[in-house]
Amino acid sequence: MHSINVTKSSLPPFEEYCAEIRDIWDSAWLTNMGRKHQALEAALSDYLGARHLSLFSNGHLALEAMLRVMDLQGEVITSPFTFASTAHAIVRCGLKPVYCDIKYSDYTIDEDKVEALINERTCAILPIHVYGNVCNHEKLAAVAQKHHIKLLYDAAHSFGEHYQGISTANMGDACIFSFHATKVFHTIEGGAVCFADPALREKLYLEKNFGIPNAEEVIAVGGNAKMNEFQAAMGLCNLRHVDSYIQQRRALCERYAAHLQGLPLRLCPVQEGLRSNYSYLPVLFAEGQRDKVFAVLKAENIHARKYFYPLCNAFACYEDSSDSTPIAKDVSRRILTLPLYPDLLPEDVDRICGILKEVLHA
Ligand SMILES: *Cc1c(COP(=O)(O)O)cnc(C)c1O
């Protein structure tokens, strides 16, 4: 049997990408905010309905830049149930992550537990729209406003999503997206910061371009996080197809759901009022079952992913404080994301679900 990975990068037709990069050759302009970069920035702002958008070479550097331009100091409240990037960005920017627990309903930060963690050192809340499940923005925004702290989202999983008509690009003071090869929409590597205050555009630019605003000045200690023209060209191509990628994902998710209903496991339902991007297929198993399912699938050459395991507050590079977030700890030991990508075959979904049925009924 052929091997099935948890994900597979979406690619436009080869000829389409070749046509898109033709003028990069003609102009020999490969990076530094060229024509493809400008075109993608405009097209993405439009697609996401973003207030303001700035492209980056990857999502992680977008995250670090977002934190830096906010002039933060002290503690940032976040959730440990996320990709390593979220916690690392906070620490690498000289800030301290303070971990808040999550909810069983959708695995996002528990908005009712945030306020108890706020003290005089708290400068921001950095929640994650995990698996594309949108956080309780209304409540989080009220808490942030009451305490005069920033609300910044890691929206890496929520490309193109709208919740009750609001684009996730426009929630909070700012957010980041990742356009990594494994995400719903990608630019090979890439990312963006979307932000409310137009004055941040210049600051973000300095962050990604060595603090250089023009040929004769250097006015900030910036780094290098520029998206190049080949990345932007991939983005322009993928943007033409992303709606159909999402449709294909949706059909596969519905096929999984139809097969798996009635089994002793929990699928995460699409939130009421959400236009979902169907980015992941997380399944919560009963105690002790997750690792068994993972191993049986692996023996069949099917590679699911323990995502997110371990929790950020249990990483070897940090002090283990995972006991302070018992729900996140429990979920991380029982969750598995199943293979999901636009050209996954329906027969493969059937086979994967057949294996799950056998394991769970054994
Ligand atoms: C992918 C991801 C990132 C980092 O993005 P890169 O583009 O890979 O640097 C950050 N946060 C979350 C939740 C992610 O899934």
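The values are calculated or read from the model by the stated rules, or taken from the named source; none is laboratory data. Just so it is clear, the structure is predicted and the values come from calculations on it, not from any experiment. Every residue, glycine as well, gets a Cβ built from its backbone with ideal geometry; the counts of neighbours run over all protein chains shown. When the accessible area is computed, the model is the full protein with side chains, heavy atoms only, and any ligands, DNA or RNA have been set aside. Shrake-Rupley method; radii C 1.70, N 1.55, O 1.52, S 1.80 Å.
In region 57-71, the residues that are within 14 Å of residue 203 (Cα to Cα) and modelled with pLDDT of 95 or more form Cβ pairs under 7 Å with partners that are in a helix (DSSP H, G or I) and basic (Lys, Arg), at six or more places apart or across chains, as follows: 64/92; 65/208; 69/203. Taking the listed residues 86, 78, the one that is of a type in the set (S, T, N, Q) and more than 21 Å from residue 222 (Cα to Cα) is 78, with no other qualifying.
Inside region 103-135, can you point out the residues that are over 26 Å from residue 306 (Cβ atoms) and among the polar types (S, T, N, Q)? Matches in region 103-135: 119, 122.
Residues checked against (1) open to solvent by 20 Å² or more (accessible area, probe 1.4 Å); (2) part of a loop (DSSP other than H, G, I, E, B); (3) under 13 Å from residue 234 (Cβ atoms):
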residue	(1), (2), (3)
2	yes, yes, no
15	yes, no, no
18	yes, no, yes
22	yes, no, no
38	yes, no, no
43	yes, no, yes
47	yes, no, no
51	yes, yes, no
54	no, no, no
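Counting the residues of region 56-102 that are not in a helix (DSSP H, G or I) and not small (Gly, Ala, Ser) gives 23.
Which of (1) farther than 25 Å from residue 241 by Cβ; (2) open to solvent by 30 Å² or more (accessible area, probe 1.4 Å) does residue 110 not meet, given it meets every other one? Evaluating residue 110 over (1) farther than 25 Å from residue 241 by Cβ; (2) open to solvent by 30 Å² or more (accessible area, probe 1.4 Å) leaves (2) as the failure. Could you say whether any residue in region 206-215 is within 30 Å of residue 331 (Cβ to Cβ) and open to solvent by 30 Å² or more (accessible area, probe 1.4 Å)? No, that holds for no residue. For region 195-202, the criterion of being open to solvent by 30 Å² or more (accessible area, probe 1.4 Å), over 19 Å from residue 279 (Cα atoms) and touching a Lys or Arg at 6+ places or on another chain (Cβ under 6 Å) is satisfied by at least one residue. Using the structure shown, decide if residue 180 is within 12 Å of the ligand (Cβ to nearest atom) and surrounded by fewer than 22 Cβ atoms within 10 Å (Cβ to Cβ). For residue 180, the condition - within 12 Å of the ligand (Cβ to nearest atom) and surrounded by fewer than 22 Cβ atoms within 10 Å (Cβ to Cβ) - is met.
Within region 16-38, residues that are among the charged types (D, E, K, R) have Cβ atoms under 8 Å from residues that are outside any helix (DSSP H, G or I) in these pairs: 35/29, counting only partners at least 6 apart in sequence or on another chain. Between 15, 20, the distinction of being in contact with a helix residue (DSSP H, G or I) (Cβ under 7 Å, 6 or more places away or on another chain) and not hydroxyl-bearing (Ser, Thr, Tyr) belongs to 20 only. I'd like to check something: does region 274-288 contain any residue that is among the charged types (D, E, K, R), open to solvent by less than 20 Å² (accessible area, probe 1.4 Å) and either under 22 Å from residue 169 (Cα atoms) or in contact with a Gly (Cβ under 8 Å, 6 or more places away or on another chain) (or both)? Checking region 274-288: not a single residue is among the charged types (D, E, K, R), open to solvent by less than 20 Å² (accessible area, probe 1.4 Å) and either under 22 Å from residue 169 (Cα atoms) or in contact with a Gly (Cβ under 8 Å, 6 or more places away or on another chain) (or both).
All conditions but one from (1) outside any strand (DSSP E or B); (2) within 16 Å of the ligand (Cβ to nearest atom); (3) touching a strand residue (DSSP E or B) at 6+ places or on another chain (Cβ under 8 Å) apply to residue 222; the one that does not is (2).
Each residue in region 295-319 was checked for being open to solvent by less than 50 Å² (accessible area, probe 1.4 Å) and either part of a loop (DSSP other than H, G, I, E, B) or under 25 Å from residue 361 (Cα atoms) (or both), and 7 of them qualify.
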